[in-house]
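K.L.:
Here it is: the structure, laid out below.
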Amino acid sequence: MITIHLYNLKFYSYHGVQEEEKLLGNEYEVNAEVQFHEEHEIINSLSQTINYVEIFEIIKERMLIPSKLLETVVMDIGNTIHEKYDYVRRINISLKKTHPPIEGIEGSVGVSWHKEF
């Protein structure tokens, strides 16, 4: 099994339930793992693997679309990846809001989604 990792991808997006989140936005961090069974003894061509640039583009495009819930975002990202690469067997996506609008909080909040196909 091969795992493609994308770590600490930073975005500024407008996700959230609160009106101020929709207006002001927030910083987000995305991590993604995409696993598939290799079909070759040695992978030596991009056509034999998953292009992490294309995974990044899927994530980037989805982060541009405001959503009330982070759960919606991670599930959309994962399902879009699987639609493009139907041979993917496992996907892990995590999404962290780095500065949540919660009075008195020091830290971040987030969600993660894991799916096996």
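The values are calculated or read from the model by the stated rules, or taken from the named source; none is laboratory data. Here the structure is a predicted model, which means the values were calculated and not measured. Neighbour counts run over all protein chains shown; Cβ positions are idealised from the backbone, glycine included.
K.L.:
Residue by residue through region 71-80, note down the ones that are surrounded by fewer than 21 Cβ atoms within 10 Å (Cβ to Cβ) and under 14 Å from S94 (Cα atoms). Even if it seems obvious, please write down each step before you answer.
P.N.:
First pass over region 71-80, keeping only residues surrounded by fewer than 21 Cβ atoms within 10 Å (Cβ to Cβ): 71-72, 75-76, 79-80.
Listed by number, the residues that qualify are E71, T72, M75, D76, N79.
K.L.:
Would you point out which residue out of S13, S67, S94 is more than 20 Å from H114 (Cα to Cα) and within 17 Å of the chain's Cα centre (by Cα)? If you could, list the steps in order and put the result at the bottom.
P.N.:
On the way: S67 fails: more than 20 Å from H114 (Cα to Cα); S94 fails: more than 20 Å from H114 (Cα to Cα).
Within the list S13, S67, S94, the selection yields S13.
K.L.:
Would you confirm whether or not region 20-28 contains a residue that is surrounded by fewer than 16 Cβ atoms within 10 Å (Cβ to Cβ), under 22 Å from N92 (Cα atoms) and hydroxyl-bearing (S, T, Y)?
P.N.:
no
K.L.:
Only one of these conditions is not met by E21: (1) touching an Asp or Glu at 6+ places or on another chain (Cβ under 7 Å); (2) more than 23 Å from E116 (Cβ to Cβ). Which number is it?
P.N.:
Just one mismatch for E21, condition (1).
K.L.:
Tally the residues that are in contact with a Leu (Cβ under 7 Å, 6 or more places away or on another chain) and farther than 20 Å from Y52 by Cα, restricting the search to region 14-40.
P.N.:
1
K.L.:
Which residues, taken from region 1-17, are surrounded by fewer than 17 Cβ atoms within 10 Å (Cβ to Cβ) and among the β-branched types (V, I, T)?
P.N.:
Hits for region 1-17 are I2, T3, V17.
K.L.:
Quick check: anything in region 32-42 in contact with a strand residue (DSSP E or B) (Cβ under 8 Å, 6 or more places away or on another chain), assigned to a helix (DSSP H, G or I) and acidic (D, E)? Can you show your working first?
P.N.:
At the first step, the residues of region 32-42 found to be in contact with a strand residue (DSSP E or B) (Cβ under 8 Å, 6 or more places away or on another chain) are 32-38.
Keeping just the survivors that are assigned to a helix (DSSP H, G or I) gives none.
Taking every residue of region 32-42 in turn, none turns out to be in contact with a strand residue (DSSP E or B) (Cβ under 8 Å, 6 or more places away or on another chain), assigned to a helix (DSSP H, G or I) and acidic (D, E).
K.L.:
Looking at H99, H114, which one is surrounded by fewer than 16 Cβ atoms within 10 Å (Cβ to Cβ) and either closer than 20 Å to H5 by Cβ or at pLDDT 95 or above (or both)?
P.N.:
Numbers: H99 fails: either closer than 20 Å to H5 by Cβ or at pLDDT 95 or above (or both).
Sole residue among the options that is surrounded by fewer than 16 Cβ atoms within 10 Å (Cβ to Cβ) and either closer than 20 Å to H5 by Cβ or at pLDDT 95 or above (or both): H114.
K.L.:
For the structure I just gave you, tell me whether R62 is of a type in the set (K, R), modelled with pLDDT of 95 or more and assigned to a helix (DSSP H, G or I). Please lay out each step first, then the result.
P.N.:
Working: of a type in the set (K, R): yes; modelled with pLDDT of 95 or more: yes; assigned to a helix (DSSP H, G or I): yes.
When the stated conditions are applied, R62 passes them.
K.L.:
Of all residues in region 66-113, which are outside any helix (DSSP H, G or I), touching a residue at least 40 places away in the same chain (Cβ under 8 Å) and of a type in the set (A, V, I, L, M)?
P.N.:
L69, V88, I91, I93, L95, V111
K.L.:
Still on this structure, please answer the following. Just to be sure before I move on: is S13 among the hydroxyl-bearing types (S, T, Y) and within 22 Å of E71 (Cα to Cα) in the structure I sent? Step through it out loud before you land on a result.
P.N.:
Working: among the hydroxyl-bearing types (S, T, Y): yes; within 22 Å of E71 (Cα to Cα): yes.
Here the answer is yes, as S13 does meet what is asked.
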